[in-house]
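Notes follow the structure.
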Amino acid sequence: MASVVSIQNLTKTYGNGFEALKGIDLEIEEGEILALLGPNGAGKTTLISIVCGLVNPSGGKVLVGGYDVVRDFRQTRAMIGLVPQELTTDMFETVWNTVSFSRGVHGKKPNPELVESVLKDLSLWAKKDNMLRELSGGMKRRVLIAKALAHEPQILFLDEPTAGVDVNLRREMWQVVERLRENGVTIILTTHYIEEAEEIADRVGVINGGKLLLIEEKTALMKKLGRKQLRLELAEPLKILPDSLSPYNLTLSEDGAALLHEYKGEEGDGSIASLLSMLQAENIHFRDLSTRQSSLEDIFVALVGEQA
């Protein structure tokens, strides 16, 4: 699939000498949902700001739809919708006027039907005549999303879109995101809620210290870097592990009542079958077993911890 955003050796150094980005290379495919994960200060917001034309890069190149974000600012900005972290809106303007004005800013003709559809999708229709200062924090964040969608962008950036909103709104927002993807919109999101990335993203990128540590299809990442743990509840406690079990990655629980076996996802079930046969040969019986698959959060914490 063609890349709609191409980021090539992108760097950003601020006036105080801080290197926010250190040679980022990233191809974002048309129609995908890409989740960018990273701790605070990792460079996520700087990356998004450069792609959206809000910050100039120090080096490298960014192409959006084949246009350069610096040289062809108007063309690239018209293709992009941005939902920022900050609640930056005119508190004394109505919801309807705010969203309609945002469409006009991007050079689009008035389209009341589309604005109505966007407001209804985000459960804002009943608040269309309210001033923004009258809305709750969650409602204001919905307005930011409506503003970003008003000019029908091909690419939508969501920078921590669910920060500070309730669970119900979060679910509604991801339903909207899914509908946008079905209509061909490319979506790039940053989030602290890693379970969201695990649920809706096609690919996952991890950024830390201004570097892109990895970018991979989500299920392939889980298979390659995820670990599984097999827990065997023993029929009789053990004091020590027999030497014959040393080839296996085994840990005996403190009370000797359970064996823990860790293995990588791609290793399959061969090692487990071999282990169970060896336990039987050693006359070690178990009364129950359970497995646990590592989550995307486990992988993220491990990656960031390795780099630290």
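The values are calculated or read from the model by the stated rules, or taken from the named source; none is laboratory data. Bear in mind the structure is a predicted one, so any value in this text is a computation, not a measurement. Ideal geometry is used to build each Cβ from the backbone, glycine not excepted, and the neighbour counts take in all protein chains shown.
Condition check ((1) over 19 Å from the mean Cα position of the chain (by Cα); (2) at pLDDT below 85; (3) assigned to a helix (DSSP H, G or I); (4) within 26 Å of Gly104 (Cβ to Cβ)) across all residues:
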site	(1), (2), (3), (4)
Val143	yes, no, yes, yes
Lys147	yes, no, yes, yes
Glu152	yes, no, no, yes
Leu158	no, no, no, yes
Gly164	no, yes, no, no
Leu169	no, yes, yes, no
Met173	no, yes, yes, yes
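Sub-7 Å Cβ pairs linking a first residue in segment 144-173 that is free of Cβ contacts under 8 Å to residues at least 60 places away in the same chain and surrounded by fewer than 20 Cβ atoms within 10 Å (Cβ to Cβ) to a second residue that is part of a loop (DSSP other than H, G, I, E, B) and of a type in the set (Val, Ile, Thr), at least 6 apart or interchain, are Arg170/Thr162, ordered by first then second residue. Every test in (1) crowded, with 20+ Cβ neighbours inside 10 Å; (2) closer than 21 Å to Leu149 by Cα is passed by Ala20 save one, and that test is (2). Taken as a whole, the structure leaves Val5 outside the set of residues that are part of a helix (DSSP H, G or I) and surrounded by 18 or more Cβ atoms within 10 Å (Cβ to Cβ). Might you let me know whether segment 115-130 holds any residue that is over 25 Å from Ile28 (Cα atoms), β-branched (Val, Ile, Thr) and in contact with a Ser or Thr (Cβ under 6 Å, 6 or more places away or on another chain)? Within segment 115-130, one or more residues are over 25 Å from Ile28 (Cα atoms), β-branched (Val, Ile, Thr) and in contact with a Ser or Thr (Cβ under 6 Å, 6 or more places away or on another chain).
Of note, Glu182 satisfies the criterion of being surrounded by fewer than 18 Cβ atoms within 10 Å (Cβ to Cβ) and farther than 23 Å from Cys52 by Cβ.
In segment 100-108 there is at least one residue matching the filter, namely being surrounded by fewer than 21 Cβ atoms within 10 Å (Cβ to Cβ) and hydrophobic (A, V, I, L, M, F, W, C). Of the numbered criteria (1) surrounded by fewer than 14 Cβ atoms within 10 Å (Cβ to Cβ); (2) modelled with pLDDT under 95, the one Asp25 fails is (2). Tell me whether segment 42-61 contains one or more residues that are among the charged types (D, E, K, R) and in a loop (DSSP other than H, G, I, E, B). The answer is no; no qualifying residue exists. Note on segment 62-80: among residues that are free of Cβ contacts under 8 Å to residues at least 60 places away in the same chain and part of a loop (DSSP other than H, G, I, E, B), the one that is surrounded by the fewest Cβ atoms within 10 Å (Cβ to Cβ) is Arg71.
Considering only residues that are of a type in the set (A, V, I, L, M, F, W, C) and assigned to a loop (DSSP other than H, G, I, E, B), look in segment 81-124 and name the one that is farthest from the chain's Cα centre (by Cα). Ranking the qualifying residues of segment 81-124, first place goes to Phe92. Within segment 36-52, none of the residues are farther than 25 Å from Ala201 by Cα and out of contact with any Gly (no Cβ under 8 Å at 6 or more places or on another chain). The residue list Glu199, Glu217 contains one member that is touching a residue at least 24 places away in the same chain (Cβ under 8 Å), surrounded by fewer than 17 Cβ atoms within 10 Å (Cβ to Cβ) and either in the same structural domain as Ala42 (by TED's automatic domain parsing) or under 13 Å from the mean Cα position of the chain (by Cα) (or both), which is Glu199. Consider segment 220-237 and keep the residues that are small (Gly, Ala, Ser) and outside any helix (DSSP H, G or I). The one that is surrounded by the fewest Cβ atoms within 10 Å (Cβ to Cβ) is Ala235.
Filtered by the rule that a residue be in contact with a strand residue (DSSP E or B) (Cβ under 9 Å, 6 or more places away or on another chain), in a loop (DSSP other than H, G, I, E, B) and of a type outside the set (Ser, Thr, Tyr), segment 238-264 gives Leu238, Lys239, Ile240, Leu241, Asn249, Gly256, Ala257. Applying the criterion of being assigned to a strand (DSSP E or B) and of a type in the set (D, E, K, R) to the residues of segment 176-219, the residue that is farthest from Gly17 (Cα to Cα) is Glu217.
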